[in-house]
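The values are calculated or read from the model by the stated rules, or taken from the named source; none is laboratory data. What you see is a predicted model, and the numbers here were worked out from it, not measured in a lab. Glycine also receives a Cβ, built like all others from the backbone with ideal geometry; neighbour counts cover every protein chain displayed. Quick note on the areas: whole protein, heavy atoms, side chains included, nothing else; ligands and nucleic acids left out. Shrake-Rupley method; radii C 1.70, N 1.55, O 1.52, S 1.80 Å.
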Amino acid sequence: MLCLDLDRFKEVNDLFGHAAGDIVLQTLAKAVVGLLDTNQMMARLGGDEFAIILPGIAGPSVAGRVAENILEALRAENRN
């Protein structure tokens, strides 16, 4: 399992409103879910906290690669 927390998400809601925050969350979800296999899932735990469930992965190095792929996808999304 990976844990994902968005830095400064409260500031997005406070400065730009909850509608903007919802767009950020939807964009994040699409980017992450697009990288996951069919047996993997992402769940929202709270406002800006997520768990990414990776059943049956081969080991920590694979989890690390998944995490790096997620971070790179989020960086690319941020550039758009």
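What the table below lists for this structure:
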{"read-out": "Positive dipole terminus of the stretch 9-78, leading residue within Ile53, Leu25, Ile70 (C-beta point charges)", "value": "Ile53"}
{"read-out": "Separation of alpha-carbon centers, the stretch 1-17 and the stretch 26-80, rounded to whole Å", "value": "16"}
{"read-out": "Correct option for semi-axes √(5λ) of the Cα gyration tensor in Å [calculated from the coordinates] among (1) 24, 13, 11; (2) 33, 23, 7; (3) 20, 19, 9", "value": "(1)"}
{"read-out": "The chain - percent of accessible surface contributed by carbon and sulfur, probe 1.4 Å", "value": "55"}
{"read-out": "Candidates Leu54, Leu36, Leu45, ranked by Gaussian network fluctuation over the chain, Cα under 10 Å, top entry", "value": "Leu45"}
{"read-out": "Helix-only CD estimate at 222 nm, as mean residue ellipticity for the chain, using -39500 (n - 2.57) per DSSP H run (n ≥ 4)", "value": "-18000 deg cm²/dmol"}
